[in-house]
Structure formats: structure tokens, C-alpha cells
Amino acid sequence: MALNFLSPTEIKSLSFLDTSKSSYNLNLLKNQGVFALKRKDETTIAKRVHCSAQQQPPPAWPGRAVFEPGRKIWDGPKPISIVGSTGSIGTQTLDIVAENPDKFKVVALAAGSNVTLLADQVKRFHPQLVAVRNESLVDELKEALADMEDKPEIIPGEQGTIEVARHPDAVTVVTGIVGCAGLKPTVAAIEAGKDIALANKETIIAGGPFVLPLSHKHNIKILPADSEHSAIFQRIQGLPEGALRCIILTASGGAFRDWPVDKLKEVKVADALKHPNWNMGEKITVDSATLFNKVSCNFFHSL
């Protein structure tokens, strides 16, 4: 509502009117009437206030995680693909799927080289398609899945990862793959009309000027799925673009958080790989220890 004081002096009434349309819209504004304030000497002293129901606020930036008319819908659990299923993001995503089988189902998985874990995931979630980026491990994966009755299709290499990302049954693709290797699968998913739950920062940092216009062209959502980005995204739902004055990015983890400055001269690689809270890949763990992961500021800017 916008309050506009119309009269400069004392006025007899306070009226509530919907002026957004030529006739009253009872769904938007049902209260109409007069309200008067009186002093002890019985003199009416009130200002007339003109209350108009404004248009809906613009979509929250960078988007709203809500259903929109005309978007693709599905029956039953939401079908998803996961690129990087054996990493930290992928395994956490699968934990959520396992806890909510009525809400999500896995249709495709892609991993790098952790065939043992990938095979366990396949047996548990029964995807239709599986990709292993390291082509030399395909036979090992097939052997690990030999006792399965309904075996998934296996596509090796980068092409397999791309096919997982654009699987025809997937509605949303979770991209938890590390580095610029996530760029091609993300582009393929966008071109196939998939919404993206993005945890791969490099895709936006390296390819943002191309990826973001492409997402608008294909009318898909890019939803931040990782740590600070997801937290801030959730916090700004319902706010119009430009409502934020600043974002404060904190550093709460890393192996060296509590180390004195003079001890940092003695740091070894093994020390950097000892993250106090998370079991992640080596690159991400070192990035966390050195605060290089706070290049996320570039990611925020692009989103």
C-alpha cells in the first residue's frame, strides 16, 4: 500500500479506496469507510489518507523459486539429474532425495572417477542413465553393476556428462561438478530447457556473459544451490530488484581459521586438506583454507 496525504489541513474523514482500477476490486481491497479522530473539545481532527493497492512487486532477483503458470509440470516426484553425484554437493543432494522419495526421483547420474561410490548410488536410486567421465573406468563400473537386474545405460567421457545434463525426463539438473568442466553440461541442460540448481561457480564466473542470456532465452531458472549463494537467494525471495543495499560475505570455515598469523608460514599441503567441518574434494578444500573460495563475490555479481 502507498499512503498519500492529500489535504494540507484538518479533514473530516479517513477513507480506504482501491484506485488501481476504475471499479472496486474486492479481492484486493475490501475495507472501505470513514474514520474520524476527535479532540477533547469535540473538534474533528484527522487527515484524509488515500490508500491505493499497488501492482505485485517485480520478481525477486535473480528469480523466484515458485511455480509459474505455463512452466513445465510433472506427475509424482520431481525428476532430477545430478552432474557430480559422488562429490560433496552430489552426495548431499542424494541424501535429500533419499529422505524425500515422494518429492524427488533420480533419472541420471554423472561422476568423475569414484566408480565404487557411483555404483552404490546406481543400485540405490536406479537412474536410467549413468556417465563416468574417466573412460578407462567404464568396464570397472559395468562389473560393479553386473548383478543388477535393470541396468542403466552407461555413456563414458564428457559426452556422457552432457547427456546426463540434458536427459529428456529431467526437470532440474544439479551441477556439483568442479571447475570449468561444468560449463558444457550446464549449457546443454539450459538448451534442453532444464532448470539448473547450480553449485558450480566456474560456470558463472567464466561463462556468465553467455550462460545468463542463454537462460533467459530458454526461459529456465538458475537457482544457487551451494552455501552462501543459496542462503542469500532464499533470503531475498519476495524482494524487488534493488532492495538490497549490500551483501556481507563471511568466512566461517577452513583449516587455518584459528591459526595465528605467524604460524601460517609453516603451512603444508596436508594441513590445508584438513577441513574442520566438511569432507570435500582436494581443490575445494584448499580453496576454503586459503580463502580463494571467496572469489564467490564474482559469482554473486554475475547472478
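Any read-out appearing in this document is the output of simple, stated calculations on the displayed coordinates, not a laboratory observation. Only a predicted model underlies this, so the values are computations on that prediction, with no experimental measurement involved. All Cβ positions, glycine included, derive from the backbone under ideal geometry; neighbour counts span all protein chains shown.
Listed values, structure above:
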| read-out | value |
| --- | --- |
| Prolate/oblate/rounded label for the range 154-195 (Cα gyration tensor, a/c 1.5) | oblate |
| Computed label-point distance, nm, for sites Asp169 and Phe210 using a 7 Å Cα→Cβ extension | 3.1 nm |
| R0 of 41 Å, Cβ-Cβ distance Ser136-Leu244: FRET efficiency to nearest 0.05 | 0.30 |
| Under 13 Å, Cβ to Cβ, from Ala225 - net charge with Lys/Arg +1 and Asp/Glu -1 | -1 |
| Karplus-derived 3J(HN,Hα), 6.51/-1.76/1.60, for each residue of the range 222-229, Hz, glycine and proline x | 10, 10, x, 10, 10, 6, 4, 5 |
| Full-extension gain in nm, His218 to Ala146, via 0.36 nm per residue minus C-alpha separation | 22.0 nm |
| Cβ-based net charge around Lys123, under 14 Å, with every Lys or Arg adding one and every Asp or Glu removing one | -2 |
| Sequence-separation-based contact order of the range 59-211, relative, with Cα cut under 8 Å and 6+ spacing, percent | 23 percent |
| Reachable aspartates and glutamates from Lys142, criterion Cα separation under 13 angstrom, eight or more residues apart if same chain | Asp120, Asp150, Glu153 |
| Cβ-derived FRET efficiency at R0 22 Å, Ala98 paired with Leu273, nearest 0.05 | 0.20 |
| Residue-by-residue Karplus 3J(HN,Hα) for the range 86-96, coefficients 6.51, -1.76, 1.60, Hz, glycine and proline x | 8, x, 4, 5, x, 5, 5, 4, 5, 4, 5 |
| Dipole magnitude of the range 253-292, debye to nearest 20 (Cβ charges: Lys/Arg +1, Asp/Glu -1, about Cα centre) | 20 debye |
| Inter-label distance for Gln234 and Glu153, nm, one decimal - labels placed 7 Å from Cα along Cα-to-Cβ | 3.5 nm |
